[in-house]
Every structure is written in C-alpha cells, then in structure tokens.
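Read the figures in this text as sums done on the coordinates, not as results from a lab. Keep in mind that this is a model prediction, so the values were computed, not measured. We place every Cβ from the backbone using ideal geometry, glycine too, and count neighbours over all the protein chains shown.
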Amino acid sequence: MTARQALEELPRRLSLRLREGTETWLWGTVLVLIAAGCYLGPFVLPLANPEATDFANALAPIGTPGHWLGTDALGRDLMSRCLHGGRVSLTVSLGAVALGLVVGGTLGIIAGYRGGTVDAVISRCLDVLFAFPGLVLALTVASYLGPSVRNVTLAIAFYTVPAYARMARAGALRVREQNFVRAAQMFGGRGWYVGTRHILPNVLFLILTYAFVLIGIAMVIEAGLSFLGLGVPPPQPSWGQLIAMGKQDISDAPHIALVPGAFLFVTIAAFNRLGDILQGRHV
Amino acid sequence: MIAFVLRRIVQLVPVLLGVTLLAFLLVNLLPGNMALAILGPDASKEAIAHLQEQLGLNQPILLRYLHWLGHALTGDFGWSAVQSQPVLPTILQRFPVTVEIILLGQLIGVVLAMPCAVAVALRPQGWLDRLLGLLAYGAIATPRFLLGLLLILGFSVYWQLFPSTGFVSLFADATGNLHSVALPAITIGVLEFAVYFRVLRGEMLRNLAEDFVLAARAKGISPLRAVLRHVLRNSAVALVTVIGIGFGPLVSGAVIVESLFSLPGAGDLLVNSIYQRDAVMVQGVVVIVAVTVVLVNLVVDIAHMLLDPRIHLHDG
C-alpha cells in the first residue's frame, strides 16, 4: 500500500475504529450497569425484599409506582427479583467459564504444544465430552450432585472445559510452529518455560476474548437448567427460574416472564457482541 | 476413500467406549443410591442391601460397567422400575419426535438462510445485509425457551393459530402432526437460521473474491447466476458441515423445547426421568443421545469429503 493510498484509506478506517470504540463502550457500560445492579443494587437501591408478597398489588403491570417493572402473581417486586436473580446467573456463568479457562486452557495448551501421545489422549477425552450435548450433560451432573450454586457451576464446567481446551489447543498448535518457539527450544528451553513464556502469552488474547462468547453460552445453559427446575433452587431466584414461573401467567401477565427475559437477552447480547468485536469477527 | 472411512470407524471405537463409560459413571458414581431411589426413602436397610445384591451393585464398578455394556450391545439397556418398562423400547418410541422437530427446525433454517445469503451476496454491506445481521444477532442471544414463550404469546394466545401444547402422531394424522409441531419447529428453526445465515454469508463473501467467480463474470454470466451456480455451490459444503455438527447441540435445544411445549420426545423423557430419579432410564437416554451424536459426526465427516474433493489430498 502506498502512502497516498494509506492516506485515502485513513478516514474510512478511523470511522470504523470509532464505531467499534463507541460500540465497545456502549455494551461495556450495559454490562457494568447490569452487574452493578445485581451485585450492589440490593444494598444501594430502595428495593423491596424479593420474597415479600403484596397481594394488594399482585400482577401489577410495568410502570406501577413503587413497582416500576411490575409484580408477579404473589405481588413480589419484579425489579428486585430480577436484580437478585441476576446474581445467580452471572456468578454461575462466570464461575463455569473461569473454571473452563484455567482447566481447559491448561489442558489445551499442553495438548497442542506437546503433541504426540499426550495430545492424542487429551483429544480423545475431549471427543468423548463433546459427544454429550451441553445441556444434557449439565442436567445429568446437576441432578446427581444436587442443586446449589457450586454444583450448577461444576455441571456447566463440563461444557466450558472441553470448549476451552479445543480453543487453546488450536491456538497452541499454531504458535508451536513459529520460529521464536523453535528458537527458544533450541536454546534449551524446557516445556514449562517455553509453555509459560512463549505459548501462553501468544494464545492469551484468544483465550480471554473467547471467554465473552463462552459466558453467553454458559448463561443459556444455566437459564435452561433453572427453567427446567434443576438449577439453583428457590427461594434464591435466577433469571431462568423467574421466566419459568412467569410461564403460567403468560396469557394474562406476559411481563412476568418477559422482564427477566429482557435482562437475560440484553446480558447475553452484550457478552456476544463484545466477544465478536474483540475477536474482530464482527460485521 | 474406503480406507479413510475405515480409519474413522476404528478411531471411533475408543470414543464410543469412553462415551458409554462416562455415561455409566455419571449415573453410578455420583451420590444418589440407585437402590434407595427405587425403594424410596422409607425402605429398611435390609431391603436396600437385598436389592443392591439383586442389582449387582456390590460388585466393583468396572465389572458392572462391562456387564452393562455387554447387555447394551445386544440391545438390552435394562428395566426401568419407575416406568415398569424396558429402557430401549421406551427411548426408541420417544426418539422420532425429537428427530422430527430437530429436522424440521433445520429445514426451516436452511430454507430461510439460503435466499437471504444469496440476496446479501449480491449486495454485501447493503441495508438488507445489516438488517439480517442484526436479526441473526438477536436470535443468537435469545434462549430457546424465551423465544418459545414469545411464539406461544403471539401464535397461541394472541392469534390462536397454533396450539401451545399437545402432540399428534405423524402416522395418525399428518396435517395435525405438522400443526402440533409448528411452534416447536419454528422455535428451533429461528436460531438455526441465524447460525446458518452467518456461516453461509461469511463463506459466500469469501468465495465471491475467488478467481473462478471473476472468470465466470468475465464470460458474461449475470451476477445472480454467478452467485447461484458458482458461489452458493462452493459455500454449501460449509453449510452441510454446520448442519451436521449442529445436531448434537440441537438435542439440548430439543430438551428445552419438548419440555416447554409438552412434546413426548426423548428430551422430555430425560427430564422426567431425572425428576423421578429413574437412573436406568437417564443412563439409557444419555448413552443413546451421545452415540447418535458420534455417528452423525462420522456421517458429516464422510459427506464433507464426498462433497469437497479437495479434502482427498489431506486425508486420502
């Protein structure tokens, strides 16, 4: 590209950059607001107790003073329930993805970098895990471990660990062939040294951006478990559970299901979009 | 070609062994005693011990696995005490419903995604491209049960076009069957459309830049014909792969959709067996699902190779 071409390209590229920048900030702000609302909201905002029933105001529509997002059939405040419920959804998905990142990422890097028998064994194990659809495996594990935040996180990790391992393995395979890795090996670098100093930093960006996409998937699985009644049990609300409860009143008061649905949708969309922008896969 | 297929099948053996072992261990190792589950919480210690003896639960786990596997290979997946039914026939009776809604959903996805991707390939970055891109984004961020609820709200509660629950067998009444699975199939189809559209669009834009398209255009072929004859055909291989690989994840979707719309499929069977702590049935469903996924992936691999002769060079 000549200097002149580069100069002519500049306005277009800058506007693209700016657009990406604005979008990143926008979705980032949305996520921070939701996370702050869920984790800090119950302490800071004048919210009703999520379990407090108020039969006089049962099935209140959106916009009712005092219950801005309405109430459910027992008159419980939906705003309060959604913010409390978001804690479970966010904690479980972030936890499962963090587990996937550490365990799956390590396994993937080892398999991709070492190759040979180690790779074959790890890869076959991953193939086995991939044969089970995410929700089916999570359902089975969660039902036998018993419902709790920790166990649901573990159940979803059965999906995130192999997903991460596959990603990290592919990344490590690519980096392994590069000259700087060969050089490090020729200077006598051992597996651990080359792995942590040369492979890891070069797949780290890939791994971290993949977390955003995976959190979206983990949230869908968590919500699915809760929707089926096999997630974190009541009285602790979660978004999937709130939507399942709103199902009974879908014809009279659809907002009971749709308000937590909107929270879930916006959060997943924000994670997906940020993941795509960071990976440079966006349209 | 045959060598390739044979090698793939040989590679499958350890995976299939692993799949059955994991499914067996999941149900048998984790807390939750099978004898206790069958007899209920009030059972006496002697009765539990007796049943454990009877079920062979006192033997080492690996021996029990081999014993179970031997029976499973002959089609005997055990007896569900909860349902008073043999496991395999019950699953086989439920499985067609699951396969039907998955296939219909995939069909809806393909039928919608192909013309959309062709239209977009004719005018990349146009308003239609942006609009469809946005829609696909929205669809991917919507969990299936939420979409299903929205469809129920629109098509059953508001317009009263389709039922929200109930299932009519395909063999009893074909139109009634389509009517009863319409909403479940659309629920699955919308997300599939979004995934297929994104894959097909990316693949087609990549192929558009290839020399063979330029050559075709230079020969005087119209843009539409070039896209249909040359770009779409070359991009379809990726679509076939995505559809095939998507089968496994779709079983997860079917579990949710069957539960939401009360369809008597394998997913519904799995969820209900879990509620009723019917371990033998859970194990059977999980194994059958996982083995099906492995076999579908094998077929996808082979189809991929048949469709794209270039792959011979690497794998042949």
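Here are some notes:
- For segment A:53-191, the fraction of alpha-carbon pairs in successive 10 Å shells from zero, as %: 12, 26, 21, 18, 12, 7, 4, 1
- Two-site label geometry, B:LEU306 and B:ASN272: point separation in nm, points 7 Å out along Cα→Cβ: 3.7 nm
- Charge dipole magnitude, Cβ of K and R +1, D and E -1 - the protein assembly as shown, Cα centre, debye nearest 20: 2220 debye
- Cα centre as origin, Lys/Arg/Asp/Glu Cβ charges: segment A:40-149 dipole, Debye: 240 debye
- Separation of the B:VAL299 and B:ASP76 label points, Cα + 7 Å toward Cβ, nm: 2.9 nm
- Against chain A, whose longest principal axis comes from its Cα atoms, helix A:149-176 is set at around 20 degrees.
- Helix B:247-261 axis, angle to chain B major axis (alpha carbon atoms, nearest 10°): 70 degrees
- Listed residues A:LEU242, A:LEU225, A:LEU137, most fluctuating in chain A (Gaussian network, C-alpha, under 10 Å): A:LEU137
- Summary value for chain B: 26 percent relative contact order, contacts being C-alpha pairs under 8 angstrom separated by 6+ residues.
- Computed from label points 7 Å out along Cα-Cβ, the spacing between A:TYR39 and B:GLN83 is 4.4 nm.
- Gyration tensor verdict on chain A (Cα atoms; rounded if a/c is under 1.5, prolate if a/b is larger than b/c, oblate otherwise): oblate
- In this Cβ point-charge picture (+1 for Lys and Arg, -1 for Asp and Glu), chain B has a dipole of about 1180 debye about its Cα centre.
- Cα-based radius of gyration of the protein assembly as shown once divided by 2.2 N^0.38 Å, which approximates compact folds: 1.04
- FRET efficiency estimate (nearest 0.05) - Cβ-Cβ, B:LEU134 to B:LEU6, R0 41 angstrom: 0.30
- 5 angstrom amide H check on B:SER80, placed H, neighbours 5+ away: B:GLN85, B:VAL87
- Largest first, the extents of the alpha carbon coordinates of chain B on the three principal axes equal 85, 57, 34 Å.
- Dimensions (Å) - segment B:180-316, Cα atoms, principal axes, largest first: 66, 38, 19
- The eigenvalues of the Cα gyration tensor, multiplied by 5 and square-rooted, give segment B:202-273 an equivalent ellipsoid with semi-axes of 43, 11, 7 Å from largest to smallest.
- Since only A:ALA157, A:PHE212, A:VAL128 are under comparison, the one whose Cα sits farthest along the positive direction of the charge dipole of chain A, derived from C-beta charges on Lys, Arg, Asp and Glu, is A:VAL128.
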